[in-house]
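The values are calculated or read from the model by the stated rules, or taken from the named source; none is laboratory data. These numbers were taken from a predicted model, which means no experiment stands behind them. Cβ: placed from backbone, ideal geometry, glycine included. Neighbour counts: every protein chain shown.
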Amino acid sequence: MLAALVAYSGAGGVVNITLSNWARDKGYGMGERAGYIPAAVGGHKVNLAHTGFIFVPDAEAMRRWRGWWRIVRADQWGVFFTGAILGMALPAVLYVTFLPAGRDIQGIGISAALASSIGTKSGPLLAG
């Protein structure tokens, strides 16, 4: 269970970094001014800013900021919110589908009880 938690948390961070880097490399938000690293090996050199920038809120800057904000919202609502809801709902649906009502299971035995019940009702291939 600990390994699953670590893997799940790590995967969320990797997806977040990937989408954030993609948005920055497309030049959304301050990506145009802060620069980016084009490739880990090879590629062309891009100067990176080591200090911050404040953009002038003109029409073009606001258009670019809205583009960046649209991607951030899609990332947060589409990936994290939807993923969190599915991550909470799927185990609940599995438990009410495969375990009999009123069964008292405590601690880490609940995962084993679910796997055993799935194996009994659906075959050993799904239990593992």
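Here are a few things to note about the model shown:
- First in region 109-128 and under 16 Å from Leu90 (Cβ atoms), second anywhere and surrounded by 14 or more Cβ atoms within 10 Å (Cβ to Cβ) and not hydrophobic (A, V, I, L, M, F, W, C), Cβ under 7 Å, 6 or more apart: Leu114/Tyr95; Leu126/Gly119
- Scanning region 69-128 for residues that are among the polar types (S, T, N, Q) and either more than 19 Å from Thr18 (Cβ to Cβ) or surrounded by 12 or more Cβ atoms within 10 Å (Cβ to Cβ) (or both) yields Gln76, Thr97, Gln106, Ser111, Ser116, Ser117, Thr120, Ser122.
- Of all the listed residues (Ile54, Ile71), the sole one being assigned to a loop (DSSP other than H, G, I, E, B), among the aliphatic types (A, V, I, L, M) and within 30 Å of Arg24 (Cβ to Cβ) is Ile54.
- Some residue of region 25-35 being closer than 22 Å to Val72 by Cβ, of a type in the set (A, V, I, L, M, F, W, C), over 19 Å from the mean Cα position of the chain (by Cα) and at pLDDT 65 or above: yes
- Region 60-88: number of residues that are within 13 Å of the chain's Cα centre (by Cα), more than 15 Å from Val15 (Cβ to Cβ) and of a type in the set (Gly, Ala, Ser): 0
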